[in-house]
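Here, each number is a calculation from the coordinates, and none is a lab measurement. Small disclaimer: the values here were computed from a predicted structure and weren't measured. Methodologically, a virtual Cβ is constructed for each residue, glycine included, from the backbone with ideal geometry; neighbour enumeration extends over all protein chains shown.
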Amino acid sequence: MLDGVPLFSPDLKQQLLAHYAPEIVPDDFGTHLIWAWNFVRDRQLYFPWFDRSSERRLSNPVPPAAQINASVTDVIKALSTYHIAYRAAFRQDLHALLPRLRCPVFIPASQRDPLSVGA
């Protein structure tokens, strides 16, 4: 079973590579903290998080502030490297790799999973 498989169209992959995980550098005004808060909150509400149009609104409720804060803390801890993993995942051509598997595979995605709407 593979969970969270990002099977995106080429167009969406390009958008994600360009906007989903920007490299963020801390600054003297703390704008990286504001960015992290919005990133964490909006990725629960929209997919992709940077497209806040009504068509991209997920059915998830607004997360509680304490939950956002906990995730923001994790993002800030990895601020200098968090984007590397996202970009690596978005660069993979899973449409080409999955058929090479030599065993049965089940790839689930719940309706609340943002990856279920990205293909």
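Residues whose amide H comes within less than 5 Å of that of Tyr46, counting only those at least five positions distant or on another chain, are Leu58 (H built at 1.01 Å from N in the peptide plane). Here the spin labels are modelled as points 7 Å beyond Cα on the Cα-Cβ line, and at Thr73 and Gln14 they lie 4.1 nm apart. Rounded to the nearest 0.05, the FRET efficiency derived from the C-beta distance between Asp51 and Leu101 at R0 = 30 Å is 0.45. Normalised by the number of residues in the range 10-117, the average gap of Cα pairs under 8 Å and 6 or more apart makes the relative contact order 31 percent.
Take the alpha carbon gyration tensor of the range 53-119, find the square roots of its eigenvalues, order them as a ≥ b ≥ c, and report rounded if a/c is under 1.5; if not, report prolate when a/b exceeds b/c, else oblate. Taking the square roots of the gyration eigenvalues as a ≥ b ≥ c, the range 53-119 is oblate. Once both labels are positioned 7 Å from their Cα atoms along Cα-to-Cβ, the gap between Leu7 and Asn60 label points is 2.1 nm. Rounded if a/c is under 1.5, else prolate if a/b beats b/c, else oblate: with a ≥ b ≥ c from the C-alpha gyration tensor eigenvalues square-rooted, which is the range 24-85? Prolate.
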